[in-house]
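Everything on this sheet refers to the single structure shown next.
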Amino acid sequence: MSDQNVMDPEEILEELELTDSERKIYMELLKSGEGTATALAKRSGVQRRLTYDVTAALAEKGLISYVDRENKRIYKPCNPENLEQMLEDRKIDLEEKQQKLEDAMPNLQKFYDSEKEGRDVKVLEGKEGVKQLFNDEIRQGETIHLLGSAIESEDMLEYFLPSYTRKRQDRDIKIKGIFEHEMKGVVGEHEPIEHRYLPEGYNSKVSICIYGDKVGIIFWIDNPLVIMIEDSQAAESFLNYWKLVWEKSNP
């Protein structure tokens, strides 16, 4: 494997959520083998007053150890394989939390549903807001009538869309879409979709999704804006509008 494809060790430690000071101290110990707090502070550039807290945190994570020698505390690195154990411990902790969440979900859902009176409106921002809308489509499980799908969505959700598509296909949730003319060649690339196209030149940065008794409106701006409406009358009205545009659109 080329060295260009190997991630820098400090980048890996950052992804493992070690702080900047923890990374510096740990890497310095791996390179030098051992050192006092004073020596580590000097060689790593970490402030000496922070070094004691940092070494304590690293020791708690099982990444370093220490011995007292001649009235001095000497720190040493533990085998980097301990990083794998740290990940495994986190995985177990995450699985336990996930199980607790699954156990609590019926009651949480009950409280959530009790506050709704058949109508609900949410305004969300960013890619996470778009993901919430798409995941809600999966939960609803009904055909999605789509009007407008900006080409920006392909790039903005590059890593999310394959998972979304797979889940939708697993639940046999169909999309019936009216797309912008510039989406020709993109629509149907990964799956057959019943679709039509708006006339050339009718471009918009707005998408409308109607599914069940819900409507989602996405504004594909730099930081996407999402409006989610749950109301049967609103959904029916939007669907009638969608049907009109469908009849006027090009196959």
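The values are calculated or read from the model by the stated rules, or taken from the named source; none is laboratory data. Keep in mind that what you see is a predicted model, and the values were worked out from it rather than measured. No Cβ is skipped: glycine too gets one built from the backbone with ideal geometry, and neighbour counts run over all protein chains shown.
A count restricted to the stretch 76-85 and to residues that are part of a strand (DSSP E or B) and of a type in the set (D, E, K, R) stands at 1.
Tell me, please, whether a residue that is at pLDDT 95 or above, assigned by TED's automatic domain parsing to the domain that holds residue 122 and touching a strand residue (DSSP E or B) at 6+ places or on another chain (Cβ under 6 Å) can be found in the stretch 145-153.
Looking through the stretch 145-153, at least one residue is at pLDDT 95 or above, assigned by TED's automatic domain parsing to the domain that holds residue 122 and touching a strand residue (DSSP E or B) at 6+ places or on another chain (Cβ under 6 Å).
Have a look at 24, 31 and point out the one that is without any contact (Cβ under 8 Å) to a residue 60 or more places away in the chain, farther than 18 Å from residue 73 by Cα, of a type in the set (Lys, Arg) and surrounded by 15 or more Cβ atoms within 10 Å (Cβ to Cβ). Talk me through it step by step, then tell me what you get.
Numbers: 31 fails: surrounded by 15 or more Cβ atoms within 10 Å (Cβ to Cβ).
It is 24.
Among the residues of the stretch 199-251, those that are over 18 Å from residue 141 (Cβ atoms), of a type in the set (Gly, Ala, Ser) and in a helix (DSSP H, G or I) comprise 234, 237.
Applying the criterion of being more than 12 Å from residue 133 (Cβ to Cβ) and surrounded by 13 or more Cβ atoms within 10 Å (Cβ to Cβ) to the residues of the stretch 220-235, the residue that is farthest from the chain's Cα centre (by Cα) is 234.
Look at the stretch 80-99: where a residue is free of Cβ contacts under 8 Å to residues at least 40 places away in the same chain and a partner is surrounded by 10 or more Cβ atoms within 10 Å (Cβ to Cβ), sitting 6+ places away or on another chain with Cβ atoms under 6 Å, you get 82/62; 82/63.
Within the stretch 221-248, residues that are assigned by TED's automatic domain parsing to the domain that holds residue 177 have Cβ atoms under 6 Å from residues that are surrounded by fewer than 17 Cβ atoms within 10 Å (Cβ to Cβ) and among the β-branched types (Val, Ile, Thr) in these pairs: 227/123; 229/121, counting only partners at least 6 apart in sequence or on another chain.
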